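One structure is given below, encoded as structure tokens.
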Amino acid sequence: MTTPDDAEKKRTPVAILISGRGSNMMALVEACADPAFPARVVLVLSNEPDAAGLTWAADRGLPTALVNHRHYPNREAFDAALDARLREVGARIVCLAGFMRLLTPGFVARWPDRLLNIHPSLLPAFKGLHSHERALDAGVRLHGCTVHLVSPEMDSGPIVAQAAVPVRADDTPESLAARVLEQEHRIYPLALRLLAEGRLHVSGAACQVRGAKSPDGALSNPVG
Ligand code: GRF
């Protein structure tokens, strides 16, 4: 007989790393609240003591941790502390969700194909900070967000999921960010599900998704 505990143990343990607001973390937590979702949250960790997301997670009774990078002499020591916490809680997947620290190649190598990140642009365009301002400055008509497996270089690695939104003539960085964020909250749980279900296959720089549907049609802007 399968007990609810056995079913729970089959779900992949995931840790979510944040530095601030944590709205993507919230979307992942909400997805994991469904017992049928293939992952469960075992830790929400922040490097920033004042991260609003940390309070949100603690208020909901989730296991939380603070690993303040300022308390470590260098990146290697900070990353070793992170790694230790993640292994302590038995994490098998790590989701970076607005985590504002660059991870060392050594850390990344210890989580091969188990480390996801979300970035607010259609990668490989607009890596780094201020992607919405830069998209507006560049005059692109489609912008969006990307979930990818993490390689040591910033905002790089095999792409798992992307969503595009049209850029409007009256967009500000804030209005564009808000529309992109809605899509972030949609594709991050989807990407986590695909990874937890073992449906991602990395081949070179690309990532194949087994059994996923690709929509027909196109998003174009302008339309007439
Ligand atoms: C998101 O736009 C995410 O793509 C980027 O940082 C922002 C974090 O927002 N990496 P939140 O903390 O998840 O609300």
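Where a number appears in this text, it was derived from the coordinates with a stated rule and is not lab data. These numbers were taken from a predicted model, which means no experiment stands behind them. Cβ sites come from the backbone with ideal geometry, for glycine too, and all protein chains shown count toward neighbours.
Using the alpha-carbon positions of region 65-144, Rg (one decimal) and Dmax (whole number) come out as 15.5, 46 Å.
Counting pairs of alpha carbon atoms under 8 Å apart in space and at least six apart in sequence, what relative contact order in percent does region 26-157 give?
Values: 154 pairs, mean separation 23.1, N = 132.
With pairs under 8 Å counted, the relative contact order is 17 percent.
Based on C-alpha pairs under 8 angstrom that are at least 6 apart in sequence, region 81-224 has a relative contact order of 20 percent. Here region 73-180 is assigned +1 on the Cβ of each Lys and Arg and -1 on the Cβ of each Asp and Glu. Its dipole about the Cα centre then comes out at about 260 debye. Checking every one of the GluC sites (Glu not before Pro) in region 152-199 against DSSP loop status and a limit of 16 other Cβ atoms within 10 Å picks out Glu153, Glu197. Region 22-43 and region 118-151 have Cα centres lying 24 Å from one another. Only one residue of Ala51, Met25, Gly198 has its Cα farthest out toward the positive end of the dipole of the chain, where Lys and Arg carry +1 and Asp and Glu -1 on Cβ, and that residue is Gly198.
Backbone amide hydrogens, once placed in the peptide plane, bring Ala39 within less than 5 Å of Thr12, excluding anything fewer than 5 places away on its chain.
Close amide-amide hydrogen proximity is noted between Thr64 and Val44, each under 5 Å apart and 5 or more residues distant or on a separate chain (H modeled in the peptide plane; Pro and chain starts excluded).
What size of dipole, in debye to the nearest 20, comes out for the chain about its Cα centre when the only charges are +1 on Lys and Arg C-beta atoms and -1 on Asp and Glu C-beta atoms?
On the way: 24 positive and 24 negative charges, 101 e Å.
Computed about the Cα centre, the dipole is about 480 debye.
Given the options Ala36, Ala81, Ala169, state which has the largest fluctuation in a GNM of the chain using a 10 Å cut-off (strictly under) for Cα springs. Maximum fluctuation in the GNM of the chain, among the listed residues, is at Ala169.
At 25 °C and 0.890 mPa s, what whole-number value in µm²/s does Stokes-Einstein give for the translational diffusion of the chain, with Rh from the Kirkwood sum over Cα pairs? The partial results should precede the final answer.
On the way: Rh = 18.3 Å.
Stokes-Einstein gives a translational diffusion coefficient of 134 µm²/s.
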